[in-house]
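> Supplied in structure tokens, the structure appears directly below.
The values are calculated or read from the model by the stated rules, or taken from the named source; none is laboratory data. Bear in mind that the values here come from a model prediction, so they are computed numbers and not experimental data. Backbone-built Cβ (ideal geometry, glycine too); neighbour counts: all protein chains shown.
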Amino acid sequence: MSGPALKQGNAHEAIHNAALFEADELTTVVRQLHAEQMLDKAKAAAQLVVEHWQTRTLRHATEEEEGLYSEILAANSERAVDIAALTHDHDLMRKLVSEAETYLTSDELKLALARFDMLLWLVEAHSREEERLIFATRPTEGASK
Ligand SMILES: [Fe+2]
Ligand SMILES: [Fe+2]
């Protein structure tokens, strides 16, 4: 899902949450298979996790950079610092996915799983920050609770 949905706060947040939920579920499957020493199945499932990050979250990130982010910057250059921070998060996501893929190629499943856990944390933190900075659908950190 892309285009207009990215510009609408609630729809955008729903995209984040659906993709993150699925990534979390898939990663749990990999972790269980790995713990049970079903290594071939764990590796196959881990490959699906990599594909999930590539086709959902990384594609979403690229669409944001090419569309939403550049439109925000064109309208208001004062947002450059926010957009640079969000884009840096995207670059870290790309690096983690790429590293996980490399670890899978060399059968280092434990290291790939560690990258998946980092991705789950980073993508959730990034999503909440993006929702706060772009849509103001999140309170400033520390402002609530
Ligand atoms: Fe993003
Ligand atoms: Fe987003």
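> Determine whether residue 77 is away from ligand 2 (no atom under 16 Å from the Cβ) and loosely packed, with under 13 Cβ neighbours inside 10 Å.
yes
> Now, a different point. Which helices (runs of 4 or more DSSP H) does region 1-70 wholly contain that include 2 or more residues that are away from ligand 1 (no atom under 16 Å from the Cβ)?
9-35, 39-52
> Taking the stated definitions as given, is residue 59 surrounded by 15 or more Cβ atoms within 10 Å (Cβ to Cβ), more than 21 Å from residue 43 (Cβ to Cβ) and out of contact with any Phe, Trp or Tyr (no Cβ under 7 Å at 6 or more places or on another chain)?
no
> Working carefully through the options 51, 25, 36, find the one that is under 17 Å from residue 102 (Cβ atoms) and without any contact (Cβ under 8 Å) to a residue 24 or more places away in the chain.
51
Yes/no per residue for (1) β-branched (Val, Ile, Thr); (2) exposed (fewer than 13 other Cβ atoms within 10 Å of the Cβ); (3) farther than 17 Å from residue 19 by Cα:
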| position | (1), (2), (3) |
| --- | --- |
| 36 | no, yes, yes |
| 43 | no, no, yes |
| 55 | yes, yes, no |
| 93 | no, no, no |
| 96 | no, no, no |
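> Determine which single condition residue 115 fails, assuming it passes every other condition in (1) modelled with pLDDT under 95; (2) over 23 Å from residue 5 (Cβ atoms); (3) not hydrophobic (A, V, I, L, M, F, W, C).
With respect to (1) modelled with pLDDT under 95; (2) over 23 Å from residue 5 (Cβ atoms); (3) not hydrophobic (A, V, I, L, M, F, W, C), residue 115 is out only on (1).
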